[in-house]
Amino acid sequence: VDPSDEELDRVAPPEDLVSIRDADSSQRRCILAARDGHSFVADGPPGTGKSQTITNVIAELIHAGKSVLFVSEKAAALEVVYKRLQEAQLGEFVLELHSHKATRKAVARDLGRSLNVRPSARYTFPDSSRESLVKQRESLSEYAQAVNEVRQPLGRSLHEVLGRLAQLQGGLRSPSA
């Protein structure tokens, strides 16, 4: 069962994933499903982050020591994912079977090389920054939960009340206006 938005950070904190690109909650669910061996379909119109999600799924599975076969009808999708993996120094784990370079000899050479190489994670910021980011995420999550908590006697959340006030007033004005 997929964790709800409210549970996602607790069940699968983003800092425990090896995502190499930003990922929202729906993308993180895809990454977790793939990591945990579940079958699923990621579908959406252009620009919704499918290639970004696929890139993160591949990075997560490489980190877990698994093999990945990524196929697409569109060469552009293959190229985008490959480019993103290269930017994250994971290009050596990719066999470009779709490219003009995909001769038998080149594929055999690349396959042999990739079987003997293991990825190593390189953090781009110190532990103190990581701790700070975790605290900020937790603080923002607590704020979001508090703003959306249903309060009595109104039976509405602060978010709903402010939204209704904005409707009644024709929009909220800033204090400086």
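The values are calculated or read from the model by the stated rules, or taken from the named source; none is laboratory data. Since this is a predicted model, take the numbers as computed values, not measurements. Positions of Cβ are backbone-derived with ideal geometry, glycine not excepted, and every protein chain shown enters the neighbour counts. With ligands, DNA and RNA removed, areas are computed over all heavy atoms of the protein, side chains included. Shrake-Rupley method; radii C 1.70, N 1.55, O 1.52, S 1.80 Å.
Ranking LEU97, LEU158, ILE58 by how far each Cα lies toward the positive end of the dipole of the chain (charges on Cβ) leaves LEU97 at the top. In order along the stretch 78-91, the Karplus-derived 3J(HN,Hα) couplings, from 6.51 cos²θ - 1.76 cosθ + 1.60 at θ = phi - 60°, round to 4, 5, 4, 5, 4, 4, 5, 5, 4, 4, 9, 6, 10, x Hz, and Gly and Pro are given as x. Here the relative contact order of the chain, from alpha carbon pairs under 8 Å that lie six or more residues apart, stands at 14 percent. Taking the Cα centre of the stretch 1-118 as origin and assigning +1 to Lys and Arg Cβ atoms and -1 to Asp and Glu Cβ atoms, the resulting dipole is close to 900 debye.
How far is helix 50-63 tilted off the main Cα axis of the chain, in degrees rounded to 10, range 0 to 90? Around 60 degrees separate the two axes. Taking LYS105 as the anchor, which lysines have their alpha carbon closer than 29 Å to its alpha carbon, excluding any fewer than eight residues away along the same chain? Once the sequence-local lysines are set aside, what remains near LYS105 is LYS66, LYS74, LYS83. In straight-distance terms, cross-link reach from LYS50 covers every one of the aspartates and glutamates whose alpha-carbon lies under 17 Å from its own, apart from those fewer than eight places away in the same chain; here that gives ASP22, ASP24, GLU60, GLU73, GLU79. Rolling a 1.4 Å probe over the heavy atoms of the protein chains gives the chain an accessible area of 74 Å² per residue. Taking amide H atoms as placed 1.01 Å from N in the peptide plane, the amide H of SER157 lies under 5 Å from those of ARG151, each 5 or more residues away in sequence or on another chain. Matching the structure-derived percent of Cα pairs over 27 Å apart against the labelled list (i) 46; (ii) 24; (iii) 35 gives the label (i). Of the chymotrypsin sites (Phe, Trp or Tyr not before Pro) found in the stretch 37-136, those that fall in a DSSP loop while having at most 11 other beta-carbon atoms within 10 Å are PHE40, TYR123. Each of ARG164, ARG28, ARG109 has its accessible area taken with a 1.4 Å probe; listed largest first, they run ARG109, ARG164, ARG28. Once both labels are positioned 7 Å from their Cα atoms along Cα-to-Cβ, the gap between ASP36 and ARG130 label points is 2.3 nm. Across the stretch 3-9, computed HN-Hα scalar couplings (Karplus, 6.51 cos²θ - 1.76 cosθ + 1.60, θ = phi - 60°) run x, 6, 4, 5, 8, 4, 5 Hz from first to last residue, x flagging Gly and Pro.
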